[in-house]
Amino acid sequence: MSRRSQPAHHSATHRSAARRALDRRTLLTAAGAAAVAAGAGAAFGGGGEPAGAAAPTAAPPSAPASPAPAPPPVPSPEGTTLESVAAPRGVAGYRRLGEGRGWERVVREDLAAAGGAREDRRTTLASFVHLTDTHITDVQHPLRFEYLRSGVPGAWRPHEALSVHGLVSLVERINSLRGGPATGAPLGFAMTTGDNTDNNCRAEVEWFLTAMSGGRLTPNTGDPLRYEGVQNSGLPLYWHPGGEVEDADRLRHGLPRLDGFLDAALRQLTSPGLTVPWYSTVGNHDNLYGGHFANGAHFAELAVGERKLYELPEAEALALHRSVRKGRDARGEGLRELLRAHSRRMRTVTPDPSRAPLTSREYAAAHLDPAHTGPGPVGHGYTRSALDEGRLYYSFRIADGVLGISLDTTDPDGDYRGHIGAAQLRWLDRELARHGDDHVLVFSHHYSDSITAGGAELTALLERHGTVAAWINGHSHRNRIVPHGGFWEVTTASHVDYPQLARVIELTDNRDGTLSLFTTCVESSAPYATDPGDLSRTGLASLYRELAFNAPSRNTTLAGEPGDRNTELLLGRR
């Protein structure tokens, strides 16, 4: 495996010079960008406007002459991790964050050699953003697993109340990007590959859709006037930002006192919504209770009810955690018995019907609500006809010569691990055969090693057709890039666990018999440095990142190795 690093551009002078450059490469990139933009219109039904939009009227004779063409796009690292990344200050205790040096781009030649003249010849085929595992969370939901923390400290996150603020800040970052950092081509769309929500909860789905498409939302359920959850429970197992309890997170890990934090976290906020079309892929947390248990009437009743379990003995918490990790009790019989046995430990909370779980069909149908269309497309990949057939997988046109395929790798019978059935594999086989002249990008929630039912068959199918350039997914919350025969598997870190990343992906034809797949990580737009007194939407988004970095028992390997972050991935053109 060959990997070569290319230095990121750090100086303003260097960036200015890059913007002034206008050579053959820039002109070719501009031509490719036009093709990408034209292809993105197909997502709306064939033209550049959403389906059903009024046709443009002809300009009157007195209309002014058309303006001069815009200058060709120029690659820029601005706003990406090529330019800077969050970095801790200090060496111990609770650590603040500041601006750190950006990550270099690594050239990987595992599947094809890099030609020396490819930069002068390449054209852009696709340019888009991948985000995954945002885990929008109703932190007051009666069926959350916070109590596992007594045995597994990392099972609860001190920053979970700010998941909406983190996503809105990521939306702002995506909107601010001038184009692909490697090609400068306009971003054609965004794809979110599942675990968009955390508890399979109607309210969470509404918050997620509003954050992505734009509008006002209030991340609060239950009592509209006060928080009812573990962070004001009086239990030292959880961080109490109000300071009324000397909890373990404050005593052992230095988490700060932030008066007014919970009130601010539940206040109404406004999301600008993405300015590019976006598509949605389903994950296990989107349609399974806790991301593992099949939904049943008993769980649905508890979800909207008035009883919540806040704590569990350490041994029982460990046993439940191990059972889930081994894929056991997917139907939830054992969990129901555990909750019944600890019914006297439960506390009273305000019931709320908005916490009701959704079936897979209801989850997809929520995307079709006109209130959440935003920049489109209607349904964000899901269609009425597909729902009538009971399928949450689909294909869509990315650009001329580039096809996107979104898979459903969740198991409706329960299990956090991936599952893909024979019917979906047959459909995929037909789609790949039907689009044998296209380059194909496949999206799913689960990565290859996590699909325990049908995973080997899926990987073999993608390799056999030879048109797949990349399989793009999430689930692990870790950056990881793996070569498979003739395509790359690109797994992107989550936006809930530090380092809270998304990824810009650009596909180019190098005109030398190879393609390049550029991957560039991006953070949210929130400032690196926090102000403990700033509980505005932006201030809370900064705290979301900083608290995630300081979360006890956090996994410190999720950023991956340099070759899993900012890369140029070479592959043969077939």
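Could you please report the charge total around PRO532, scoring K, R as +1 and D, E as -1 over all other residues with beta-carbon less than 11 angstrom from its beta-carbon? Taking every Cβ under 11 Å from that of PRO532, the sum is -2. For the set ARG89, ARG178, solvent exposure ranked by accessible area (probe 1.4 Å, protein chains only) runs largest to smallest as ARG178, ARG89. Using Cβ point charges alone (K and R +1, D and E -1), the dipole size of segment 441-523 about the Cα centre works out to roughly 40 debye. Working from Cα pairs under 8 Å separated by at least six residues, relative contact order for the chain is 22 percent. With the charge dipole of the chain set up from +1 on Lys and Arg Cβ and -1 on Asp and Glu Cβ about the Cα centre, the Cα lying farthest toward the positive end among the listed residues GLY100, ALA366, ILE451 is that of GLY100.
Would you mind calculating the gained length between ALA365 and GLU104 on full extension (0.36 nm times residue separation, minus the Cα-Cα distance), in nm to one decimal? List each step's numbers first, then the result.
Working: separation 261, 0.36 × 261 = 93.96 nm, distance 4.13 nm.
Stretched fully, the ALA365-GLU104 segment lengthens by 89.8 nm.
Computed from point charges on the beta carbon alone (+1 for Lys and Arg, -1 for Asp and Glu), the dipole magnitude for segment 436-574 about its Cα centre is near 100 Debye. Each label was represented as a point 7 Å from its Cα along the Cα-to-Cβ direction; for ARG322 and ARG121 these points are 5.8 nm apart. Can you find, among LEU258, ALA317, LEU82, the residue farthest towards the positive end of the dipole of the chain? Put +1 on the C-beta of Lys and Arg, -1 on that of Asp and Glu. The residue sitting most towards the positive pole is LEU82. If you take semi-axes √(5λ) of the Cα gyration tensor in Å from the coordinates, which of (1) 64, 46, 18; (2) 39, 27, 24; (3) 43, 32, 24 do you get? It is the one labelled (2).
For segment 287-446, give the share of DSSP beta bridges that are antiparallel, in percent and rounded to the nearest 5; count only bridges with both residues there. Each step should come with its number before you reach the end.
Numbers: 8 of 13 bridges.
Restricted to segment 287-446, the bridges split so that about 60 percent are antiparallel.
Looking at segment 459-545 alone, DSSP beta bridges between its own residues are antiparallel in about 75 percent of cases. With contacts taken as Cα pairs under 8 Å at a separation of at least 6 residues, segment 377-516 carries a relative contact order of 15 percent.
State the percentage of accessible surface on the chain attributable to carbon and sulfur atoms; use a 1.4 Å probe and exclude ligands, DNA and RNA.
On the way: 11230 of 22010 Å².
The value for the chain is 51 percent carbon and sulfur by accessible area.
Evaluate the charge dipole of segment 139-274 about its Cα centre and quote only its size in Debye, nearest 20, assuming +1 on the Cβ of each Lys and Arg and -1 on the Cβ of each Asp and Glu. Rounded to the nearest 20 debye, it is 380 debye.
Site pair THR556 and ARG464 shows an inter-label distance of 4.5 nm when each label is modelled 7 Å from Cα along Cα→Cβ.
From the helices alone, meaning DSSP H stretches of at least four residues, give me the mean residue ellipticity at 222 nm for the chain, per-run term -39500 (n - 2.57), in deg cm²/dmol to the nearest 500.
Details: 16 runs with 148 residues, N = 574.
So the helix-based figure for the chain works out to -7500 deg cm²/dmol.
Dipole of segment 195-252 computed with +1 at Lys/Arg Cβ and -1 at Asp/Glu Cβ about the Cα centre; of ASN232, GLY214, ASN199, farthest Cα towards the positive end is GLY214. Take every DSSP beta bridge whose two residues both sit in the chain; close to 65 percent of them are antiparallel. Calculated accessible area for the chain comes out at 38 Å² per residue, all protein chains present (probe 1.4 Å; ligands, DNA, RNA ignored).
The values are calculated or read from the model by the stated rules, or taken from the named source; none is laboratory data. What you see is a predicted model, and the numbers here were worked out from it, not measured in a lab. Cβ: placed from backbone, ideal geometry, glycine included. Neighbour counts: every protein chain shown. What goes into the accessible areas is simple: the full protein's heavy atoms, side chains included, and nothing from ligands, DNA or RNA. Shrake-Rupley method; radii C 1.70, N 1.55, O 1.52, S 1.80 Å.
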